[in-house]
Amino acid sequence: MTLVKICGLTNLEDVEAALDAGADLLGFILYPGSPRYVTPDRVAEILTALREHHRQQRRDGFPAYRTVGVFVNQHVAYTAAILAQTGLDLAQLHGEEPPVVLEKLQHRAYKALRPTSLAEADADAGWYAALGPGDGPNLLLDAYDANAYGGTGKPANWEIARVIARFHRILLAGGLTPANVA
């Protein structure tokens with residue numbers, strides 16, 4: 001099953017456009033170092049308005065969409081508080097967070113990996129995937145960039161993704177376009 005996550009959303013109009021385009025996961029950047037940063041208060045406003053206008057359950061009982069906050073190197077208590085304050089469903093941890101952070105978030109978070117090699121990806125995937133949400137992605141694979149945590153537009157290493165996807169539910173990020181996403 002393929003799921004689509006649209007990330008970097010900053011307003012209700014873009015969220016509605018993402019849903020109309022078929023997004024399954026809606027991402028909000030809660031990392032102040034990003035040009036697409038949105039405050040927790042703004043995320044809460046957007047999600048309140050969204051839930052007033054859009055049904056959250058499909059007929060088969062699964063959520064019509066899920067919401068994700070992207071965090072970078074935040075303390076677990078801060079991340080948990082923002083999830084509660086905003087009503088976000090999941091946290092995507094996109095920094096150097098250790099597995100214990102996912103463990104403390106009790107299956108409400110998954111780890112973004114930016115591996116430089118298959119060996120690194122394989123080792124990290126083993127630690128993090130088991131701690132991800134049981135009904136969501138276990139990992140996100142993104143392109144490595146020494147100067148940025150994500151949002152570079154560079155494609156992830158698809159060969160690494162192919163190997164990791166044999167064993168774990170992943171989201172693939174970086175450099176996805178209408179021409180290559182299939």
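The values are calculated or read from the model by the stated rules, or taken from the named source; none is laboratory data. Nothing here was measured: the structure is a model prediction, and the numbers come from that model. Every residue, glycine among them, receives a Cβ derived from its backbone with ideal geometry; neighbour counts consider all protein chains shown. What goes into the accessible areas is simple: the full protein's heavy atoms, side chains included, and nothing from ligands, DNA or RNA. Shrake-Rupley method; radii C 1.70, N 1.55, O 1.52, S 1.80 Å.
Rounded to the nearest 0.05, what FRET efficiency is calculated for Leu118 and His75 with R0 set to 41 Å and r the Cβ-Cβ distance? Before the final figure, lay out each step's value.
Details: r = 31 Å, r/R0 = 0.76.
The formula returns an efficiency of 0.85 here.
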Exercise for the section: Would you mind telling me the antiparallel percentage of the DSSP bridges in the chain, rounded to 5? Expected result: 5
Completion exercise
Honestly the range 141-182 on the Cα gyration tensor test (a ≥ b ≥ c root eigenvalues; a/c under 1.5 rounded, otherwise a/b vs b/c for prolate or oblate) is just oblate
Completion exercise
Treating every alpha carbon of the range 41-130 as one equal point scatterer without solvent, the Debye formula yields log10 I(q)/I(0) values at q = 0.10, 0.12, 0.21 Å⁻¹ of -0.32, -0.45, -1.01
Practice task
Measure of size requested: the Rg and Dmax of the chain, with Cα atoms as the atom set and Å as the unit; please supply both.
Solution key: 15.5, 46
Problem - Cα→Cβ-extended label distance, 7 Å offset, between Phe167 and His53, nm - result: 4.3
Exercise for the section: Please give the per residue accessible area of the chain, computed with a probe of 1.4 Å over protein heavy atoms only, in Å². Expected result: 52
Completion exercise
As straight-line cross-link partners of Lys154, the qualifying lysines (C-alpha separation under 19 Å, not fewer than 8 residues apart within one chain) are Lys5, Lys111
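How far, in nm, would the chain grow between Asn11 and Arg36 when pulled straight, counting 0.36 nm per residue and subtracting the alpha carbon separation?
On the way: separation 25, 0.36 × 25 = 9.00 nm, distance 1.06 nm.
Working it through step by step, the gained length comes to 7.9 nm.
Output needed for the range 107-182: three equivalent-ellipsoid semi-axes, defined as square roots of 5 times the C-alpha gyration tensor eigenvalues, in descending order, whole Å. Don't skip to the answer; put the middle values down first.
Numbers: eigenvalues 72, 38, 31 Å².
Listed largest to smallest, the semi-axes of the range 107-182 are 19, 14, 12 Å.
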Practice task
Extending each Cα 7 Å along its Cβ direction at Ala44 and Lys154, get the distance between those two points in nm, one decimal.
Solution key: 3.7
Practice task
Might you work out the accessible area of Ile6 for me, using a 1.4 Å probe with all protein chains in place, and round it to the nearest 10 Å²?
Solution key: 60
